[in-house]
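Notes follow the structure.
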Amino acid sequence: MKNITIADVAKAAGVSVTTVSRYINGNFKKMSDATKQRVQQTISDLNYAPKASARKMRQEHSHMIGVVVGDIANVFSSLLFKGIYDVLQPAGYDVLLMNSNNSLETEQAELTRLFTQQVDGLILQPNAKSFAPYESILTAQLPMVLVDRETLDQPDTVAKVVSSNFDASYHLALELAQKGYQRVITVSRTLAEVSGQSKRIAGFSAGAEQSGQQFFNLETAHQSREWLEEHLVQQIEEHPEKTAVISLMGPVLFDLLAIIKSDKIVIPYDFGLVSFDDWSWSQYVNDGIFLLHQQPELMGQVAAEKLLQQIQRTPISTATYIPVETISKPSI
């Protein structure tokens, strides 16, 4: 299959080469939303990697690394980036941080812009369920590490660094059963096509089935705090069994704590409370909240080290699972 050129993209999209060039470089002035969407869709359909062939031929390096995170406002992403930066900056690399805002379309636009910067490698918190949108990175022979999230059909040759979400969740479900909890409710907020939360849900579900517990997940994406309050209270009132409520990501915990305060819920007497991540502040809530900590800084450090090894053409282990730390507190 021939290398796709910018002219091929322009022809397929029905626009000029100049328009495609402006899009790639983020110059959207006087460009309609319809044109932007058409150009991006064409780039995705053709798996176009800007300047990919030129990159293969050149011998010099840009000493720039591209990092794309799902949500820069999430403290998890900030800590993940800190871990990446703390490894790459001393190694002599400038690190370009991009925010996909949990949007596959935005992510693809950011990846295209990073290609034009001729970065030496990519660390990506992916948004797509399928690996297909990232095939162009492999075609360009660009070193890449996926972090935190796993695509369903990711090639074995592509490096990834993720938390041991399933195992941690499965074992906690068993521990909760030993503590007398008969029902487990997880609260998720899945904004991208793929999320580490899916592994957590699967782990709790498997553990609950193993131990004979009831299991239910509340998905809160695009729902209000009032919606969550109504449905959570309904679940608690309709099921008198001893219940543990699990926040599957740090930001969800804020909503749960607001509901607990508003409804004068007493933890752990009305229900037990557990959360993934809190960045050290929940120790000040009552006597502390039972936590599952993903170690995002460590995850970022390992991902950066893997990327450097690829750039240096050093063999690597492609899959690394970072242990999830358990921080026991009396909220369960």
### Summary
Subset of segment 258-298, residues at pLDDT 85 or above, among the aliphatic types (A, V, I, L, M) and not in a strand (DSSP E or B), comes to Ala258, Ile259, Ile260, Ile265, Val266, Ile267, Ile289, Leu298
### Message
Given the criterion surrounded by fewer than 19 Cβ atoms within 10 Å (Cβ to Cβ), within 30 Å of Leu298 (Cβ to Cβ) and at pLDDT 80 or above, identify the matching residue among Asp33, Asp86.
### Response
Asp86
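Inside segment 228-249, can you point out the residues that are assigned to a helix (DSSP H, G or I) and surrounded by fewer than 21 Cβ atoms within 10 Å (Cβ to Cβ)?
Within segment 228-249, the first condition is being assigned to a helix (DSSP H, G or I), and the residues that meet it are 228-238.
Result: Leu228, Glu229, Glu230, His231, Val233, Gln234, Gln235, Ile236, Glu237, Glu238.
Of the residues Gln301, Gln294, which is touching a Phe, Trp or Tyr at 6+ places or on another chain (Cβ under 8 Å) and buried (at least 16 other Cβ atoms within 10 Å of the Cβ)? If you could, list the steps in order and put the result at the bottom.
Working: Gln301 fails: touching a Phe, Trp or Tyr at 6+ places or on another chain (Cβ under 8 Å).
One residue alone meets the criteria, Gln294.
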### Message
Would you confirm, using the coordinates I've provided, whether Ser77 is assigned by TED's automatic domain parsing to the domain that holds Arg189, closer than 20 Å to Thr190 by Cβ, among the polar types (S, T, N, Q) and part of a helix (DSSP H, G or I)?
### Response
no
### Task
Please verify whether segment 108-115 includes one or more residues that are at pLDDT below 90, in the same structural domain as Thr139 (by TED's automatic domain parsing), crowded, with 17+ Cβ neighbours inside 10 Å and among the hydroxyl-bearing types (Ser, Thr, Tyr).
yes
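Identify, from the list Leu172, Leu218, the residue that is assigned to a helix (DSSP H, G or I) and either touching a residue at least 12 places away in the same chain (Cβ under 8 Å) or buried (at least 16 other Cβ atoms within 10 Å of the Cβ) (or both).
Numbers: Leu218 fails: assigned to a helix (DSSP H, G or I).
Just one listed residue meets the conditions, Leu172.
The values are calculated or read from the model by the stated rules, or taken from the named source; none is laboratory data. The structure presented is a predicted model; accordingly, all values stated were derived computationally and were not measured. Backbone-built Cβ (ideal geometry, glycine too); neighbour counts: all protein chains shown.
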